[in-house]
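Note sheet for the following structure.
Every read-out reported here was derived from the displayed coordinates using simple, explicitly stated rules and does not represent laboratory data. Every value quoted in this text rests on a predicted model; they were computed, and no experiment measured them. We place every Cβ from the backbone using ideal geometry, glycine too, and count neighbours over all the protein chains shown.
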Amino acid sequence: MKFTIQKKLKDSLGRVGILSTPHGDILTPAFVTVGTKATVKSLTPEAVANAGAQVVLANTYHLFLQPGDEVVAKAGGLGKFMNWRDANGNIAPTMTDSGGFQVFSLGAAYGKDISKVVKITDPSLMIPERFDDSDAPRLAKIGNDGVSFKSHLDGSIHYITPEKSIQIQHNLGADIIFAFDECTSPAEDLKYQEEALSRTHAWAKRCLEEHKKLNTENKIALFGIVQGGREEDLRKKSAQIISEMRVKVEGPDPRSFSEVGFDGFGIGGSFAKEDMATAVKWCNEILPEEKPRHLLGIGEPEDLFMGVENGVDLFDCVIPTRLGRNGTIYTKTGKISITNTKFREDFTPIENDCECYTCKNYTKAYIAHLFHGKEMLAGTLASTHNLHFIVSLVANIRQSILDDKFEEFKSEFLSIYEA
Ligand SMILES: [Zn+2]
């Protein structure tokens, strides 16, 4: 994998680049489409590519449980298994996350309506008890060596260590994989954040060791993850430790060895909206400029501008397709609910100037009808537009930097877009 910075955004950490993977180039900043179970929900890979997506990210935890990483390996890897191809028909770039966020969402936070962006004051985000053996309805237990999971599918027990996460991800065979980390809630206290962070760093080292053992063909890139919650000291410490982390790799001559680190970095954690920009900035001011950075799980329009300005190259988020399935649709002025009665006889597209398949072929009235009738095509058409909206927004942000018009584009977009 190679990362080339083409242009920097003036007086900020922002930049435009090209991330070259064995399955093609990703123009950055880029929005990475989430295909959790090796499918972008309700969309064919062709529709995902037509929406402008360059890369798909699948989930290690889900694919490990079903169909099993060995099945995906036998199929020839994630891209081939799901038939994810670029416009020329070649297998296109893929990523897998490490399963760390599932540890959090199925474990400590299980049963709560958890999302990547939380309100600190939200009473539903109580700090749960941990490390006890009570029969609380949690599916994961975190220890220093790894995490034990109870499958949400059949109740079977699994134990995932950092090494195991890397082995599974190598079987899945994506171009870019992530170190196994512990994602914490910003509502956790400082003591717990510190404990979780030491664990994340120890696990990162073990992931790097395992990855170097398995990556003999040097085809897979490993990103380290920076955690630290909303604490400035912890975020900065984490960025420093993860960016300086190295392991020794022996050369062909056993007396020679080189030291290698991570190929890029993920900024993890659940964020409070008001803290996100500062937390991202703390990390990116320390992370090495020449390597790509991925803000994990974030992707609302206003967050994309914030991330790019603060040096983020990659974003991923389930939001465009999740909202689409629920009938919430992005427009330049904000989100609309297509089932609103005012769209019942609206025979215009969602957006007149949108180039997506949905807007070129269907009216709001028809899409509203599909949602009212609970038709499967409803989610497909809405997701197609939403994905195109977000992917194009990031592509337009990229272009605006190349044209020296980022500030104009940002104020123009945000002046009419209601978050
Ligand atoms: Zn559209």
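For the reader, a short list of remarks on this structure follows.
- Gaussian network model of the chain, Cα within-10 Å springs - most flexible of 398, 255, 15: 255
- Fewest-first sequence of 294, 62, 372 by Cβ atoms within 10 Å of each Cβ: 372, 62, 294
- Here the stretch 172-276 is described by how far its Cα atoms reach on the three principal axes: 50, 27, 17 Å, from widest to narrowest.
- Separation of the residue 4 and residue 248 label points, Cα + 7 Å toward Cβ, nm: 3.6 nm
- Positive end of the dipole of the chain (Cβ unit charges, origin at the Cα centre): among 270, 330, 363, the Cα lying farthest that way belongs to 363.
- Estimated vicinal HN-Hα couplings, Hz - the stretch 152-157 in sequence order (Karplus 6.51, -1.76, 1.60; Gly, Pro = x): 6, 8, 10, x, 5, 9
- Three principal axis extents describe the C-alpha atoms of the stretch 328-416; from largest down they are 46, 21, 17 Å.
- Here the chain is treated with +1 on each Lys and Arg Cβ and -1 on each Asp and Glu Cβ, and its dipole about the Cα centre works out to around 640 debye.
- Sparsely packed loop sites in the stretch 173-254 (the GluC sites (Glu not before Pro) outside DSSP H, G, I, E and B with at most 12 other Cβ atoms within 10 Å) comprise 217.
- Cross-link partners for residue 332 among the lysines, with Cα-Cα distance under 20 Å and sequence neighbours closer than 8 places in the same chain left out: 342, 360, 364, 405, 410.
- With the charge dipole of the stretch 2-317 set up from +1 on Lys and Arg Cβ and -1 on Asp and Glu Cβ about the Cα centre, the Cα lying farthest toward the positive end among the listed residues 284, 296, 45 is that of 45.
- Student exercise, the stretch 169-243 dipole from Lys, Arg, Asp, Glu Cβ charges, in Debye to nearest 20: 260 debye
- GNM top mover of 349, 29, 292 - the chain, alpha-carbon springs below 10 Å: 349
- Under the convention that each Lys and Arg Cβ holds +1 and each Asp and Glu Cβ holds -1, the size of the dipole of the stretch 328-416 around its Cα centre is about 400 debye.
- GNM on the chain, alpha-carbon springs under 10 angstrom: the most fluctuating residue among 275, 263, 253 is 253.
- Measuring gaps between exposed loop sites in the chain (chymotrypsin sites (Phe, Trp or Tyr not before Pro); DSSP loop; at most 13 other Cβ atoms within 10 Å), the longest gap, sites not included, is 132-346.
- Signed unit charges on C-beta, dipole axis of the chain, positive-most listed residue 183, 93, 314: 93
- Taking the square roots of 5 times each eigenvalue of the Cα gyration tensor of the chain, largest first, gives ellipsoid semi-axes of 33, 25, 23 Å.
- Over the chain: helical MRE at 222 nm, DSSP H runs n ≥ 4 each giving -39500 (n - 2.57), nearest 500: -10500 deg cm²/dmol
- DSSP beta bridges fully contained in the chain are about 50 percent antiparallel.
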